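Novice: Pasting in a structure now, in C-alpha cells, and then I'll have a few things to ask.
The values are calculated or read from the model by the stated rules, or taken from the named source; none is laboratory data. Values in this document were obtained by computation on a predicted structure and should not be read as measured data. Heads up, the Cβs are rebuilt from the backbone with ideal geometry, glycines too, and the neighbour counts pull from every protein chain shown. Heavy atoms of the whole protein, side chains included, go into the accessibility calculation; ligands, DNA and RNA do not. Shrake-Rupley method; radii C 1.70, N 1.55, O 1.52, S 1.80 Å.
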Protein chains: 2
Amino acid sequence: MPRRFALLLLVVCLLSAPVARADEGMWMLHQIAALDQDGLREMGLQLTPQEIWDPKTQTGLASAVCSLGGCSASFVSPDGLIVTNHHCAFRAIQVNSSPEHDYITDGFLAAARGEELPASGYHVYVFKGYDDVTATVHAAIEPDMTPEQRIAAIEQAEKKLVAACEDGGDRCRFAEMFGGLEYYLFRTMDIRDVRLVYAPPRSIGEYGGEIDNWEWPRHTGDFSFLRAYVAPDGSAADYAEENVPYHPDRWLKLASTPLGEGDFAMILGYPGRTKRYRIAAAVEADTDHYYPVRNRVLAHWMELLEHEAATSTSAGIVLSSKIKGFANSYKNGQGMLDGLLKLKIAERKRAQERELAAWIAADPGRAARWGDVLPAMEALVDGRQATRDRDLLLSYVGYASSLFGAALTVQRWAEERDKPDAEREPGHQKRDEAYARQRLALLDRSFEPAADRLLFQDLLRLAAALPDGQRIDAIDAALAGTGKSGEEAISALTDRLFAGTRLADREARMKMFAMDAATLAGQHDAMVDLAIALRPQTRARDEAEKRYDGDMVLLEPRLIEALAAWQGRPLYPDANSTLRLTYATVKGVEPRDGLIYKPFTTLSGVVEKNTGKEPFNCPKGLLDAVAAGKRGPYVDTRLGDVPSCFLTTHDTTGGNSGSPVMNGKGELVGLLFDGTIESMTSDYAFDDTTTRSISVDARYMLWVMDYVDHAHALMREMGVTPASSTP
Amino acid sequence: MPRRFALLLLVVCLLSAPVARADEGMWMLHQIAALDQDGLREMGLQLTPQEIWDPKTQTGLASAVCSLGGCSASFVSPDGLIVTNHHCAFRAIQVNSSPEHDYITDGFLAAARGEELPASGYHVYVFKGYDDVTATVHAAIEPDMTPEQRIAAIEQAEKKLVAACEDGGDRCRFAEMFGGLEYYLFRTMDIRDVRLVYAPPRSIGEYGGEIDNWEWPRHTGDFSFLRAYVAPDGSAADYAEENVPYHPDRWLKLASTPLGEGDFAMILGYPGRTKRYRIAAAVEADTDHYYPVRNRVLAHWMELLEHEAATSTSAGIVLSSKIKGFANSYKNGQGMLDGLLKLKIAERKRAQERELAAWIAADPGRAARWGDVLPAMEALVDGRQATRDRDLLLSYVGYASSLFGAALTVQRWAEERDKPDAEREPGHQKRDEAYARQRLALLDRSFEPAADRLLFQDLLRLAAALPDGQRIDAIDAALAGTGKSGEEAISALTDRLFAGTRLADREARMKMFAMDAATLAGQHDAMVDLAIALRPQTRARDEAEKRYDGDMVLLEPRLIEALAAWQGRPLYPDANSTLRLTYATVKGVEPRDGLIYKPFTTLSGVVEKNTGKEPFNCPKGLLDAVAAGKRGPYVDTRLGDVPSCFLTTHDTTGGNSGSPVMNGKGELVGLLFDGTIESMTSDYAFDDTTTRSISVDARYMLWVMDYVDHAHALMREMGVTPASSTP
C-alpha cells in the first residue's frame, strides 16, 4: 500500500512545520516534539516534550494521567489517590447511597483508608504507553478485498495485536487515527479495585445542576477523589479486603504559583470523539435528521422518568443517574443542533469542500490523485439516508429499557460465545467478559420497573411509527402477535414481555449471560426471545455499517491527505478516547453580542448564586465558612477572593471530563469539567474566538477540603498543609 | 399644623445642598434647580433647569412628554406624532387586529394620515404643569380627627381642588408626596382621539419575547408610533373623522450627535410606584407572604390561559394581552422576590432602622420628636397581617374573570351613583364615568368564555382554601347554596353564575352600568348578585385600609423628616405616576460574578439571535437588509455597527416604559423600555452598582424605519432624511 506510506511521511513532515499560536489541536503525545517549542516556551511551558512524554523510554508526566473509561483522571499522591470530577465519580457515590446513607446529598469522606467504599464497576486504566502498529495493519489489507473483507482484515489484525499485547498482562486498546491512515496500540494497567475516598455534597459537586450545565459563569465544585487498589503483590485484582493502595510511577503536585489570566495551561486527558474531518453531506444529515429526532426522543424520555422519579424517594435515587445521563445528552444534542444551525457549520463545510474540489481540479496530477474522493464519500453518505429512521431507532434499543438492554446483552454474548474467541466481534471476546458481567450484575442499581416499562412502551411506539420501507419486522411481528392494534397492541406486548421475563432477577439474568445461543433460546424468556428475533435486523444493519466503514477506510485517509496538502498546515487526528495533549491560555470571551465572560469566577460568586433551593443550595458549612471570613491561602490577590472556576482556550470534548489542568511546570491548577455552550460545535469545527473549556480551580477544591469538608488528611497526602488546623 | 410646615422647610433646605454624582432619584421638575448644576454640566447636561421646566412660566422641554396612562411617551413632530414602546401600543395594535389583518404579527404602517387606525381606549395626557397645594390640604386636617375623618378630609380637599382645576377644561390629578408631607395638583390635556400610525412586526417590537424580558443582552425594537387628534377647534374630542392632528407646544428632535459609552442621558417620564420609604416590617410581609402567594396564583393562571389559548387562533389573539399581562406580573414578582431575598433588603432595612432608632434615642430632643414613629408604624403593619390571605385574595377578585370583574364594576358604580358626586369614592365620580364605560364596553375584546370560567373557578377554589378567621362569607354562602361541597360546589356555582348572567352581552352590560343600586339589585343577575353580596366584605376591608392610611398619613411624613435629618442628604418623593426627571450615564455593568454586560448591543447581535422561531424570528426584510449590507448613517463608528439597545444608570420603574431618553441637548437618543432583572428591587432600594435601565437606541429605530419597514414619510415628519430613498 505505497500510497498510504507516502501519506504518512507527508503528514509527519507537515507536523514538523512551526505551529501557530492557535489553541486548536488534540495532539498525540509523540507529536508534542514536532510542535513549535519556542512558541510553547513563550506561552509558558517550562517542560521539554520528553518530560511530558518520552516515546523512547515510554515515561513522563503523562504517566500520572489515567482513564476511568469515559472520564479522565490523575494520580495526586504516591498512594494511588486519584482526583477526577464529581460527575465522573457520581456512579460510585450513587451505588453506595441508600435512603439511610445519602452520600449524594451529604457527600462522603472516608475517616480512614479502611473505610473507603468500593466503587463497583469502576476501572482505572493507568497509562503505560503506545506503539505505532500502522505497518502491521496496512500489511493485512489486500488490494482486491471487498469492503467487508477489508474491515474483517483490520479487525483480525486488531485482535492479534491486542491478544499479543495483553499476553504481557497489560490491558491494550487498538486505535485508528485519521480514518485509517495510522493505527496505534495503547497499553494500560487495568485496575479493578477502585474505592470512593471523598466526594463533597452534591450541592457543591453539582452546584448549579442542569441549569448551569454548559453555562458560564460557573461555580461548580466538580471534584471527587478515588483510590486505586491492587493485590499485595502489586498486580491488578478484583476488590478484596487485603488489597493495598497502588503506587503509581508518577503523580501530580498541586501548583506552587497562582494561576492568572493569560497564563499557559495544558491538559492531558481522554477526549471521546470529534468529527473534524466529517464531510458536509454527513453534517447536513446530522443537522436535518439525527439531532432533531434524537432530541425529541430524549426530551420525552426525561419527562417520563422525571414523572416517575417524583413518585418516591427510592425511585428518585435509583433513576437519578439515568435522568442525569439523558439530560446531559439532551442538552448536548440541543446545544449542538442550535450551534450547527447558528454557525452554519454544514454550509461552511460545503463552501470549504467546493474550494478544495476546485483546487484539486485545477491540477491534473491532483485531479488524478484525489478527484474521486469527495464524490465517492458523498455517495456513501447519501446511501445511508434511505434507512436513517430505522437505523437511529435501532441505535436506541439498548438505552431505553434497562431490562431490554439486558436482553440484548445476553443475546449478543450467547451468539458470540458460540464462536472461537479470535473470530468474535470486538467487545465480545473473553477479555471483555468480566466487565460485561459486572455491568449486567449492577443493573438492579439503576432499574426501576415502572419507569422501565414506560421507556420500553415508548420504544415500541417509535417502532410502530416508522415509515414503510424502514419497518422493524421483529417488532411488527411481536405487536401483530398480540391480536390487537395501535396503543392496545403496545400495552399488551409490554405486559407480556415484562411478565414473561426473568431478567429482573439477578441470578436468572447472570445464568442467561453464561449460556450459549441454543440454551438461551430454549429458555423461552419472552424478552430475550424478542432480542433474538430482532437480531437479523441489527445484524443486517451491522453489515451495512461494515460495508460503509470498509469503503470509508480507503477514502477518508485520502481526504485528509488532500486537505493537508491543500492547507499546508499540521494535522492532529480526531479524538477517539486515546490520551491527548491540548495546550492553551486562561482567557475570557465575548460569547454573544453585548456580553463578556470574565476568565475567573470566585467564592463570593458561589454564595451570590445561593438561593437555598436545589441546585443552588450551598451547604451550611460553606456559608458559615464564608460568613466567618475564612479564605486562607487560597485567595488570589488579583481577584481579592478564592477563585472558583476558570475559562481556557483548550480544545476539549466529552471524555476530557476530570482531566488535570496543569501549569507550565506540570503542576495541577484545576480539573476540566465542561465547555461553554458556544463551544459545543467544536466537535465539528474548532473556532478559537468562541470555544472555551471550563475547569474548577484547584484553589477552590482545596478551600472546600480545608474549611467545609475538613478533608485534612487527604490534603496532607497531596503535600498541602491545611490552613484551618495544625497537625 | 406647624410641625408639618417645619418639615417642609427642612426638606427644601436639604434639597438645596449639593447632590452627589449618584444617579439615584426620580426628581420632581421644580427640584431640578436645586440639584448640583455644576455636576450636571460636567456630566454633560447643556440645558438650564428652566429650559427643561420653568415652574414660573410652566413651559419647557417637559411639555413634549406625555402620559398614556400606565406608559410614558413623547411628541416627535409638530403634527402630534407620538413615539412610545411597542408594548405600550400593543393594545392599540391588538384591537385593530383580526385573523384577516394580523397587525400583531405583520406590523402596521398607515399609508396616509387618513388610514391611521383608532386606538380605542387610549388617552394621551399632555403635560401642562403642576401646583403645590400642600397648604390647602393641610389646612383641611384638624388635630382631633379620627383616622377615617382625616382621610375623608384629605379626599374632600382633593375633590374640591380637582373640581376647581377641571372647571378650566384641564384634566387634573392630585398627588401626595412623601406620604402626605406635600401635595400637588397636576394639569394635563386629556386627548381621547388617539390613532395607531406605525408599529413594526412583533418579531421586531417584541423580539426576544418573554425569554429576553428583563434580560441583557437585549435586541428588542420596542417602539411604535401613535398620533394625537383633536376637534378642528383644537379641543379634546372623542374620535371623529373630521378631527385634526394635535399641535403640541413642544416636540423632541432626533439626536444630532451619536450616543456613546459614558455619555450623559436624561429621562422624563411617569414612573409608576416605588417603595423606597417602606419600613422593614412591611418589606418582610412582602417577602414572606405577598410575593410568594401572588406568584403561585399568577403562575397557575398563566398555565390555564396558555392551555386555552392553544385551542384556537381566535382564542389565542383574544387571550394574548391577558397572558402577556400575567406573564409580565409574574416575572416581575418572581424577580422581585428573588432580588429581595438575595439582596436581603428586609434585613438591610431592619439594620438601618436600628441605627436610626439608636440615633433618635441618643438625643432627648430627637427622642421626644420622633421616638414614637417607628414603633407606631410597625404596630400598624403588624395589625394588617391577621387578615392578609383574605385581603390579598380580595385584591385579585377583579383580575381573574373578566366577567366577574365587570360585575364588580357595575356594582360599585351603582353604589356610588346613589351618592352626590362630591361624596363619591375617588375614581367613581362623574369625571371618571366616560373612561369606566369605555373600558367596560371593550371587555369583549379580551373576553374568552372558556378561559374566563377557568379563572373564576380558580378564584372560588382559592376562597374555599382560606384559613378560619379569614373566610369570605359571601362566597362561602354561595358555595353552600349549591347544596354540594368541595370541587362539586365550585363547579355548580360556576355553572349557575355563568348561566345566570347577562354581562357577556355588551348591551345588557352597558345598561346595568347605568343603573342605580336598587334597579341593579332588581335584575337578579346571578354574577352581579354575588358582587353585591361580596360588597360588605370589601367595604370592611376598604374601611380598615382607610384607618391604616389615616394613621400612616401622620406617621410617614415624620419618618421621612427623621430620615432626612439623620442622613443629611436631599430626598425625592416615591414614584406615584407623576412626571419625573432622572439623569444618568450610558454604562455597562458586572451584574453577577464572572459576567460583564457591555453598554451597547448591535444590529449584528439582532441577527445573531435569530433562530427563525418565535420569539427570535427576525422578519425577512430585516435579514435581507443586513445581508445586503444596508447600515446607512445609523452606524456608530466606535461600535462599527448600528447600535440596537443600550444600558444606562437611570432610576426608573414600571410606568417609565416609553419614556424618551435624551442627550444633554434634550434631543431624543432612545426609548426606555425595561430594566435588567438585577434592577427590579430598586423599587425598594436603589443600588447604583447593579441597577441598569434598558433603552432601544433611536438609531436602531430609524434603521428599521428606513430599511425594513420603509416608514419614510414618518422619518421626514420627524426631520430625518431616509438614506434608502430620495424624495
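Novice: Which residues, taken from the range B:200-218, are at positive phi and touching a His at 6+ places or on another chain (Cβ under 9 Å)?
Specialist: B:Gly208 - this is the single residue of the range B:200-218 that is at positive phi and touching a His at 6+ places or on another chain (Cβ under 9 Å).
Novice: Where the second residue is open to solvent by 10 Å² or more (accessible area, probe 1.4 Å) and the first is without any contact (Cβ under 8 Å) to a residue 24 or more places away in the chain and lies in the range B:114-129, which pairs have Cβ atoms under 9 Å and are six or more apart or on separate chains?
Specialist: Matching pairs, first to second residue: B:Gly114/B:Glu241.
Novice: Examine the range A:382-392 for a residue that is within 28 Å of A:His87 (Cα to Cα) and touching a residue at least 12 places away in the same chain (Cβ under 8 Å), and state whether such a residue exists.
Specialist: Scanning the range A:382-392, I find at least one residue that is within 28 Å of A:His87 (Cα to Cα) and touching a residue at least 12 places away in the same chain (Cβ under 8 Å), so the answer is yes.
Novice: Let me ask you something else. Scan the range B:203-217 for residues that are away from chain A (no Cβ under 14 Å) and at pLDDT 95 or above and report the count.
Specialist: Number of matching residues: 4.
Novice: Does B:Ala406 satisfy being farther than 29 Å from B:Gly325 by Cβ, out of contact with any His (no Cβ under 9 Å at 6 or more places or on another chain) and either away from chain A (no Cβ under 14 Å) or crowded, with 18+ Cβ neighbours inside 10 Å (or both)?
Specialist: Taking the combined requirement at face value, the residue does not satisfy it.
Novice: When you go through (1) acidic (Asp, Glu); (2) crowded, with 17+ Cβ neighbours inside 10 Å; (3) without any contact (Cβ under 8 Å) to a residue 40 or more places away in the chain one by one for B:Asp452, which number turns out not to apply?
Specialist: In the conditions (1) acidic (Asp, Glu); (2) crowded, with 17+ Cβ neighbours inside 10 Å; (3) without any contact (Cβ under 8 Å) to a residue 40 or more places away in the chain, B:Asp452 misses (3) alone.
Novice: Still on this structure: Condition first: of a type in the set (D, E, K, R) and either farther than 18 Å from B:Ser657 by Cα or within 14 Å of chain A (Cβ to nearest Cβ) (or both). Now tell me which residues in the range B:218-234 satisfy that.
Specialist: B:Arg218, B:Asp233
Novice: Go through the range B:571-592 and report how many residues are within 14 Å of another protein chain (Cβ to nearest Cβ), charged (D, E, K, R) and in contact (Cβ under 8 Å) with a residue 12 or more places away in the chain.
Specialist: Residues flagged as within 14 Å of another protein chain (Cβ to nearest Cβ), charged (D, E, K, R) and in contact (Cβ under 8 Å) with a residue 12 or more places away in the chain within the range B:571-592 amount to 2.
Novice: Tell me, yes or no, whether the range A:541-552 has at least one residue that is out of contact with any Leu (no Cβ under 7 Å at 6 or more places or on another chain), open to solvent by less than 20 Å² (accessible area, probe 1.4 Å) and not polar (S, T, N, Q).
Specialist: yes
Novice: Looking at the range B:199-209, can you tell me whether even one residue there is open to solvent by 10 Å² or more (accessible area, probe 1.4 Å) and touching a strand residue (DSSP E or B) at 6+ places or on another chain (Cβ under 8 Å)?
Specialist: No, the range B:199-209 has no match at all.
Novice: May I pose another question? Which residues, counting only those in the range B:91-136, are open to solvent by less than 40 Å² (accessible area, probe 1.4 Å), aliphatic (A, V, I, L, M) and more than 26 Å from the chain's Cα centre (by Cα)?
Specialist: B:Ala110
Novice: Given the condition more than 14 Å from chain B (Cβ to nearest Cβ), among the basic types (Lys, Arg) and under 20 Å from A:Ser329 (Cα atoms), answer yes or no: does some residue in the range A:277-288 qualify?
Specialist: no
To keep it simple, each residue is scored yes or no on (1) at pLDDT 90 or above; (2) touching a Lys or Arg at 6+ places or on another chain (Cβ under 9 Å); (3) assigned to a helix (DSSP H, G or I).
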{"site": "B:His300", "(1), (2), (3)": "yes, no, yes"}
{"site": "B:Glu308", "(1), (2), (3)": "no, no, yes"}
{"site": "B:Ser314", "(1), (2), (3)": "no, no, yes"}
{"site": "B:Asn328", "(1), (2), (3)": "no, no, yes"}
{"site": "B:Leu341", "(1), (2), (3)": "no, no, yes"}
{"site": "B:Ala358", "(1), (2), (3)": "yes, no, yes"}
{"site": "B:Arg369", "(1), (2), (3)": "yes, yes, yes"}
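Novice: Given the criteria of a type outside the set (Lys, Arg), under 26 Å from B:Asp651 (Cβ atoms) and in contact (Cβ under 8 Å) with a residue 40 or more places away in the chain, does B:Ala309 qualify?
Specialist: Here the answer is no, as B:Ala309 does not meet what is asked.
Novice: Another question, if that's okay. What are the residues in the range A:514-528 that are aliphatic (A, V, I, L, M) and open to solvent by less than 50 Å² (accessible area, probe 1.4 Å), if any?
Specialist: Matches in the range A:514-528: A:Met515, A:Ala517, A:Leu520, A:Ala521, A:Ala526, A:Met527, A:Val528.
Novice: Related question: Looking only at residues in the range A:312-337 that are in contact (Cβ under 8 Å) with a residue 24 or more places away in the chain and over 21 Å from the mean Cα position of the chain (by Cα), which one is most open to solvent (accessible area, probe 1.4 Å)?
Specialist: Among them, the one singled out is A:Thr313.
Novice: Of the residues that sit in the range A:554-588 and are under 20 Å from A:Leu185 (Cα atoms) and in contact with a Lys or Arg (Cβ under 6 Å, 6 or more places away or on another chain), which one is surrounded by the fewest Cβ atoms within 10 Å (Cβ to Cβ)?
Specialist: My answer is A:Asp574.
Novice: Something else: Which residues, counting only those in the range A:668-677, are surrounded by fewer than 24 Cβ atoms within 10 Å (Cβ to Cβ) and either more than 17 Å from A:Ile82 (Cβ to Cβ) or aromatic (Phe, Trp, Tyr) (or both)?
Specialist: A:Thr676, A:Ile677
Novice: Identify the single condition in (1) under 28 Å from the mean Cα position of the chain (by Cα); (2) not in a helix (DSSP H, G or I) that A:Lys419 does not satisfy, given that it satisfies every other one.
Specialist: So A:Lys419 meets the others, but not (1).
Novice: Can you tell me how many residues within the range B:183-192 are open to solvent by 50 Å² or more (accessible area, probe 1.4 Å) and in a strand (DSSP E or B)?
Specialist: Residues that pass the stated criteria total 0.
Novice: Out of B:Ala436, B:Ala463, I need the residue that is hydrophobic (A, V, I, L, M, F, W, C) and within 30 Å of B:Ile154 (Cα to Cα). Which one?
Specialist: Matching residue, one of B:Ala436, B:Ala463: B:Ala436.
Novice: Just wondering, is there one or more residues in the range A:377-390 that are of a type outside the set (Asp, Glu) and surrounded by 21 or more Cβ atoms within 10 Å (Cβ to Cβ)?
Specialist: Within the range A:377-390, one or more residues are of a type outside the set (Asp, Glu) and surrounded by 21 or more Cβ atoms within 10 Å (Cβ to Cβ).
Novice: Looking only at the range B:645-654, which residues are buried (at least 24 other Cβ atoms within 10 Å of the Cβ) and small (Gly, Ala, Ser)?
Specialist: none
Novice: Here is a follow-up. Yes or no: B:Gly568 within 14 Å of chain A (Cβ to nearest Cβ) and touching a residue at least 12 places away in the same chain (Cβ under 8 Å)?
Specialist: Against the criterion (within 14 Å of chain A (Cβ to nearest Cβ) and touching a residue at least 12 places away in the same chain (Cβ under 8 Å)), B:Gly568 does not qualify.
Novice: Turning to a different aspect of this structure: Can B:Ser604 be described as surrounded by fewer than 24 Cβ atoms within 10 Å (Cβ to Cβ), modelled with pLDDT of 95 or more and of a type in the set (S, T, N, Q)?
Specialist: So B:Ser604 fits the description; yes.
Novice: Let me ask something else. Could you count how many residues in the range A:338-376 are open to solvent by 40 Å² or more (accessible area, probe 1.4 Å), among the charged types (D, E, K, R) and away from chain B (no Cβ under 14 Å)?
Specialist: 8
Novice: Using the structure shown, decide if A:Phe646 is under 28 Å from the mean Cα position of the chain (by Cα), within 14 Å of chain B (Cβ to nearest Cβ) and not in a strand (DSSP E or B).
Specialist: The answer is no for A:Phe646.
Novice: Does B:Glu100 meet the test of being modelled with pLDDT of 95 or more and either farther than 20 Å from B:Ala575 by Cβ or among the charged types (D, E, K, R) (or both)?
Specialist: No.
Novice: For residues that are within 14 Å of chain B (Cβ to nearest Cβ) and within 16 Å of A:Trp703 (Cβ to Cβ), scanning just the range A:611-627, find the one that is most open to solvent (accessible area, probe 1.4 Å).
Specialist: Checked the range A:611-627; the qualifying residue most open to solvent (accessible area, probe 1.4 Å) is A:Ala627.
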